[in-house]
Amino acid sequence: MSKIHPSAQVAKGAILGKDNEIGPGVIIEDKVTLDSKNKIWANAYICRGTTIGSNNQIHMGAIIGHEPQDLAYKGQETFTKIGDRNIIREYVTIHRGTKEGTSTVIGDDNFLMANAHVAHNCVIENKVIMVNLASLTGYCVAESGAFLSGMTGFHQFTRIGRLAIVSALSVTNRDIPPYAICGGRPSYVLGINVVGLRRAGVPSGERDNIKRAFKLLYRSGLNVSQALESIENELDGPYVAHLIQFIRSAKRGICNYKGEVEETLLPKNPTGFKQDNSEKSESGYSL
């Protein structure tokens, strides 16, 4: 049995599972499906066409599934789909799809901190962290394990690769390769997220392959096509295979390496992370 505060407004057409806790002032519109054991704090607003799984936390003032901020949107029926065990903090905004029948999709175990924004038709996979005021514009993709630091912005259709990390205040208009540390305005690849890879349980042999792949991609003097061919011929494993597939499918191109800009344009510690002396990486930076 769900616990619903008397001041909450739950539409008759909404479908609720078991053991949900719905706080004061919450509004749940028609055509919303809420599975089980979700906690929704005061004054959150869940709009029509939203499907939410189980064990999610939706904090005060969050707005989920509202109309997209898109001039092309004319009231079409579109959707928002959210999985399980997500934490959606205060005043996060998540907008539904814009074209008829399309969806904004958020997977499982993600953490969206206060005032983060997910625009129409974005896809957030699993275990993604968006720090305060991180903002995804329309049709962006954040692959599993990506970390978007505070006040970061991303151009439409930009993709953030698996286990990539983007430093605070960065603005990105190209795809960020998997496993990269990236930052700046516009963003550049600054190195490899070695600590993130270790924390994710990536084996040491796979981490070595990723380092070698990044050297071929960014520090060999080869163009992207030549580098990808060399990586395919010299390296194997699922992580390198994903890197190759990601880059080959990039429609906006990928971020350049920091060595392609003048050193005077870059701070000595561009990410603000402390030095990692326990294991040398391409970047020398760790979380």
ask   = Hey, any hits in segment 114-123 for a residue that's surrounded by fewer than 21 Cβ atoms within 10 Å (Cβ to Cβ) and without any contact (Cβ under 8 Å) to a residue 24 or more places away in the chain?
value = yes
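Restricting attention to segment 228-258, report how many residues are over 14 Å from Pro177 (Cα atoms) and small (Gly, Ala, Ser).
Taking segment 228-258 and keeping what is over 14 Å from Pro177 (Cα atoms), we get 229-238.
With small (Gly, Ala, Ser) added as a condition, the list becomes 230, 237.
Number of matching residues: 2.
Residues are listed down the side, and each one gets a yes or a no for (1) among the aliphatic types (A, V, I, L, M); (2) closer than 21 Å to Ser167 by Cβ; (3) outside the structural domain of Pro177 (by TED's automatic domain parsing); (4) assigned to a loop (DSSP other than H, G, I, E, B):
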site	(1), (2), (3), (4)
Gly65	no, no, no, no
Gln69	no, no, no, yes
Tyr73	no, no, no, yes
Thr80	no, no, no, no
Glu90	no, no, no, yes
Ile94	yes, no, no, no
Glu100	no, no, no, yes
Asn121	no, no, no, yes
Tyr139	no, no, no, yes
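Listed here are the residues, each with its yes/no results for (1) in contact with a strand residue (DSSP E or B) (Cβ under 6 Å, 6 or more places away or on another chain); (2) of a type outside the set (Gly, Ala, Ser).
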site	(1), (2)
Gly25	no, no
Glu29	no, yes
Leu34	yes, yes
Ala42	no, no
Ile46	yes, yes
Gly49	yes, no
Gly61	no, no
Gly65	yes, no
Asp70	no, yes
task = Just give me the residues in segment 201-255 being modelled with pLDDT under 95 and surrounded by 15 or more Cβ atoms within 10 Å (Cβ to Cβ), in sequence order.
result = none
task = Can you work out which of the residues in segment 7-52 that are within 23 Å of the chain's Cα centre (by Cα) and not in a loop (DSSP other than H, G, I, E, B) is surrounded by the fewest Cβ atoms within 10 Å (Cβ to Cβ)?
result = Lys39
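Based on this model, can you work out whether Ile176 counts as at pLDDT 95 or above, of a type in the set (A, V, I, L, M, F, W, C), under 30 Å from Thr98 (Cα atoms) and within 11 Å of the chain's Cα centre (by Cα)? Show your work before the answer.
Numbers: at pLDDT 95 or above: yes; of a type in the set (A, V, I, L, M, F, W, C): yes; under 30 Å from Thr98 (Cα atoms): yes; within 11 Å of the chain's Cα centre (by Cα): no.
It is false that Ile176 is at pLDDT 95 or above, of a type in the set (A, V, I, L, M, F, W, C), under 30 Å from Thr98 (Cα atoms) and within 11 Å of the chain's Cα centre (by Cα).
The values are calculated or read from the model by the stated rules, or taken from the named source; none is laboratory data. Keep in mind it's a predicted model, so treat the numbers as computed, not measured. No Cβ is skipped: glycine too gets one built from the backbone with ideal geometry, and neighbour counts run over all protein chains shown.
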